[in-house]
Amino acid sequence: MNAAQIWMKLGEEANWNNLVVLKQEVNKLSKMEQVIFYDHLLSNKKITELAAEYRISRRTLTRLKHDLLVKLRKMLVK
């Protein structure tokens, strides 16, 4: 599930509780998870750009992105 699908799910359900939960949970994410969420998922910055900017391997960021998407899915299912 990518960022567009996450936001579409929010829109389809029209559930404000999900928005509140998501906002609260995003603040609890690690710095790199927040970078991935805001810069990559919402602002469409490429993983390779983030890897160069933060001097982290692309593979590590990809793994973090996958873990983040799993977390977000779980948040929205609650």
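Being open to solvent by less than 80 Å² (accessible area, probe 1.4 Å), in a helix (DSSP H, G or I) and modelled with pLDDT of 85 or more: is that true of Leu68 here? Write out each step before concluding.
Numbers: open to solvent by less than 80 Å² (accessible area, probe 1.4 Å): yes; in a helix (DSSP H, G or I): yes; modelled with pLDDT of 85 or more: yes.
So Leu68 fits the description; yes.
Are any of the residues in region 56-64 at pLDDT below 95 and either exposed (fewer than 11 other Cβ atoms within 10 Å of the Cβ) or outside any helix (DSSP H, G or I) (or both)?
Looking through region 56-64, none of the residues is at pLDDT below 95 and either exposed (fewer than 11 other Cβ atoms within 10 Å of the Cβ) or outside any helix (DSSP H, G or I) (or both).
The values are calculated or read from the model by the stated rules, or taken from the named source; none is laboratory data. What you see is a predicted model, and the numbers here were worked out from it, not measured in a lab. Note that we place each Cβ from the backbone using ideal geometry, even for glycine, and neighbour counts take in every protein chain shown. The accessibility values were calculated without ligands, DNA or RNA, using every heavy atom of the protein model including side chains. Shrake-Rupley method; radii C 1.70, N 1.55, O 1.52, S 1.80 Å.
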